[in-house]
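A short worksheet on the structure shown next.
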Amino acid sequence: MNVNYDDLGDVLEYGAISDNEAIEMCDNILKESLTETDDIVLESMFHAVYMGVSHRDIASKIDIDLILEKLECFSEEVLDYIITIMARSGKQKYTETIKMIGQMYPELDIDDALNELRRNF
């Protein structure tokens, strides 16, 4: 299947879809990311999810847990999106995961993510 995740990101940002449809779309992208190995495609996938959580109040409703066991397989650029998505969720259970990612990649701004996580709680 040839999916253009940039187009899906546009739909999540500007599209006339319901929040439930946006949640389902984000969850499907997260599921698809589990089998994707191309870093460029993964960046597009997580950028699309980022657009959804940035422009809609759905971050706490998407199933971020789907990708937790695969975090070590993602590049720094993808993990940057992931920590922002986790932070927007407001779910405190992601605090330690964000800190772990920050230890793996000290140049990522996890302080911003942790502050946002607290704000969205």
Quick check on my filter: what residues within the range 12-24 are at pLDDT below 95 and either loosely packed, with under 14 Cβ neighbours inside 10 Å or under 16 Å from the mean Cα position of the chain (by Cα) (or both)?
GLU13, TYR14, ALA16
Given the condition β-branched (Val, Ile, Thr) and in contact (Cβ under 8 Å) with a residue 24 or more places away in the chain, answer yes or no: does some residue in the range 4-21 qualify?
no
Starting from residues that are surrounded by fewer than 15 Cβ atoms within 10 Å (Cβ to Cβ) and either β-branched (Val, Ile, Thr) or in contact with a His (Cβ under 7 Å, 6 or more places away or on another chain) (or both), keep the ones in the range 25-37 and report whichever is nearest to SER89 (Cα to Cα).
THR35
Scan of the range 46-58 for residues that are open to solvent by less than 10 Å² (accessible area, probe 1.4 Å) and assigned to a loop (DSSP other than H, G, I, E, B), ordered by number:
ILE58
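Out of curiosity, is THR35 among the polar types (S, T, N, Q) and in contact (Cβ under 8 Å) with a residue 24 or more places away in the chain?
no
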Might you check whether a residue that is part of a helix (DSSP H, G or I), out of contact with any Phe, Trp or Tyr (no Cβ under 9 Å at 6 or more places or on another chain) and either open to solvent by 60 Å² or more (accessible area, probe 1.4 Å) or within 25 Å of GLU13 (Cβ to Cβ) (or both) occurs anywhere in the range 38-45?
yes
If you check every pair at least six apart or on different chains, which have Cβ atoms under 7 Å apart with a residue in the range 97-121 that is in contact (Cβ under 8 Å) with a residue 12 or more places away in the chain first and a residue that is surrounded by fewer than 16 Cβ atoms within 10 Å (Cβ to Cβ) and not in a helix (DSSP H, G or I) second?
LEU117/GLY90; ASN120/GLY90; PHE121/GLY90
With the structure loaded, tell me whether THR37 is of a type outside the set (D, E, K, R) and either within 25 Å of ARG119 (Cα to Cα) or within 13 Å of the chain's Cα centre (by Cα) (or both) or whether it fails that test.
no
By residue number, the members of the range 59-109 that are open to solvent by 60 Å² or more (accessible area, probe 1.4 Å) and assigned to a loop (DSSP other than H, G, I, E, B) are LYS61, ASP63, LYS91, PRO106, GLU107, ASP109
Of the residues in the range 83-101, those that are small (Gly, Ala, Ser) and farther than 15 Å from LEU68 by Cα number 1
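The values are calculated or read from the model by the stated rules, or taken from the named source; none is laboratory data. What you see is a predicted model; the values in this text were computed from it and never measured. Counting neighbours? That spans all protein chains shown, and the Cβs are built from the backbone with ideal geometry, glycine included. The area values use the complete protein model at the heavy-atom level, side chains included, leaving out ligands, DNA and RNA. Shrake-Rupley method; radii C 1.70, N 1.55, O 1.52, S 1.80 Å.
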